[in-house]
Amino acid sequence: MVNNLDMPFLASRLFGVPHMLASTKLDVILNALAPRLFAGEKFAPRAFSQEDTEALSPPETYVVQNNVAILPVHGTLVRRGAWLGALSGLTSYEGLSASFREAIAQPDVHAVLLDIDSSGGEAGGVFDLVEEFQTLSKQYNKPIWAHANEFACSAAYAIACAASQIWVARTGVVGSIGVVCAHLDQSRADEKHGLKWTFVFEGDHKVHGNPHEPLSDTAQIKMQADCTLLYEMFVDWVAQNRPMNADAIRDTKAETFIGTQALTLGLADAQGTLA
């Protein structure tokens with residue numbers, strides 16, 4: 001088996017679309033990938049070891065302890081992929097949906113605990129997921145609990161807010177209630193490589209925001225409008241599920257909060273561990 005992930009595919013998922021992701025995590029991803037994304041590179045092929053193959057096998061999506069299904073929400077969150085192994089560092093909303101539906105329907109499961117360690121991820125799909133969680137919780141009359149162990153930020157915090165109770169580890173980090181969208185202007189890199197792009201199109205906004213020219217004012221306004229729309233959805237969701245009003249949530253300014261700070265603000269209910 002060979003890993004040969006396409007860089008242009010990554011670019012389509014990273015740039016020009018809104019993310020609910022902690023800025024520190026976004027910086028790590030962009031700094032690692034941006035220099036290579038638009039050079040036409042692919043990740044160097046390599047053979048997987050036996051350990052890698054095991055990591056790519058469908059994981060045990062949840063465990064049941066004392067009649068509680070513990071569902072891991074770990075790594076960077078993406079829309080698609082029914083299962084993604086530990087090697088990828090990703091968890092998909094599709095996979096979480098399937099696992100949650102299976103777990104909550106089990107007769108011996110009396111509650112679902114979301115074990116969260118994620119800085120967030122893609123905005124697309126997260127609100128459908130959390131609404132599904134709450135719908136199923138009501139249907140089966142089984143509560144959802146969440147534990148920030150250690151990170152429940154941005155999209156991962158939106159998932160935590162589906163729970164009736166949120167616990168946070170002493171050093172756990174929650175919050176980052178915000179939306180971010182990145183644009184990479186590769187026009188100078190194109191020029192350096194002797195490339196000149198010409199688009200033939202209909203529809204005034206069809207190629208706005210493309211990476212082969214500087215971001216126009218019109219394209220930036222559209223990206224900002226998309227971020228604002230999703231931000232208001234995020235604020236409304238948190239306000240529906242936490243003892244905070246919309247103004248208090250906006251006043252967090254997408255900051256993150258540790259342990260007791262989160263308790264004081266109402267972002268979490270109690271401090272504790274899974275032990």
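Comparison of Ala146, Ala156 shows that the only residue that is in a helix (DSSP H, G or I), in contact with a strand residue (DSSP E or B) (Cβ under 6 Å, 6 or more places away or on another chain) and of a type in the set (A, V, I, L, M) is Ala156. Against the criterion of being of a type in the set (Val, Ile, Thr) and either exposed (fewer than 12 other Cβ atoms within 10 Å of the Cβ) or on the phi > 0 side of the Ramachandran plot (or both), Val207 does not qualify. Cβ separations smaller than 8 Å between residues 6+ apart or across chains give the following pairs from the range 252-275 residues that are closer than 19 Å to Ile159 by Cβ and touching a residue at least 60 places away in the same chain (Cβ under 8 Å) to residues that are basic (Lys, Arg) and surrounded by 15 or more Cβ atoms within 10 Å (Cβ to Cβ): Leu267/Arg242. Is it the case that some residue within the range 228-242 is within 22 Å of Val168 (Cβ to Cβ) and assigned to a loop (DSSP other than H, G, I, E, B)? Yes, the range 228-242 contains at least one residue that is within 22 Å of Val168 (Cβ to Cβ) and assigned to a loop (DSSP other than H, G, I, E, B). Within the range 184-227, the residues that satisfy the criterion of being out of contact with any Asp or Glu (no Cβ under 9 Å at 6 or more places or on another chain), without any contact (Cβ under 8 Å) to a residue 60 or more places away in the chain, closer than 21 Å to Pro18 by Cβ and not in a loop (DSSP other than H, G, I, E, B) are Asp217, Ala219, Gln220, Ile221, Lys222, Gln224, Ala225. Among the residues making up the range 170-192, those that are at pLDDT below 80 and farther than 30 Å from Val238 by Cα are Leu184, Asp185, Gln186, Ser187, Ala189, Asp190, Glu191. Within the range 157-197, the set of residues being surrounded by fewer than 15 Cβ atoms within 10 Å (Cβ to Cβ) and of a type in the set (A, V, I, L, M) comprises just one member, Leu195. Any residue in the range 224-240 that is over 20 Å from Phe127 (Cβ atoms) and not charged (D, E, K, R)? Looking through the range 224-240, none of the residues is over 20 Å from Phe127 (Cβ atoms) and not charged (D, E, K, R). Listed conditions (1) among the aliphatic types (A, V, I, L, M); (2) within 17 Å of the chain's Cα centre (by Cα); (3) in a helix (DSSP H, G or I) are all met by Ile177, apart from (3). Residues in the range 74-98 that are at pLDDT 65 or above, out of contact with any strand residue (DSSP E or B) (no Cβ under 8 Å at 6 or more places or on another chain) and polar (S, T, N, Q): Ser97 only. Scanning the range 131-140 for residues that are surrounded by 12 or more Cβ atoms within 10 Å (Cβ to Cβ) and under 13 Å from Val112 (Cα atoms) returns Phe133, Gln134, Leu136, Ser137, Tyr140.
The values are calculated or read from the model by the stated rules, or taken from the named source; none is laboratory data. All values derive from a computational prediction rather than experimental measurement. No Cβ is skipped: glycine too gets one built from the backbone with ideal geometry, and neighbour counts run over all protein chains shown.
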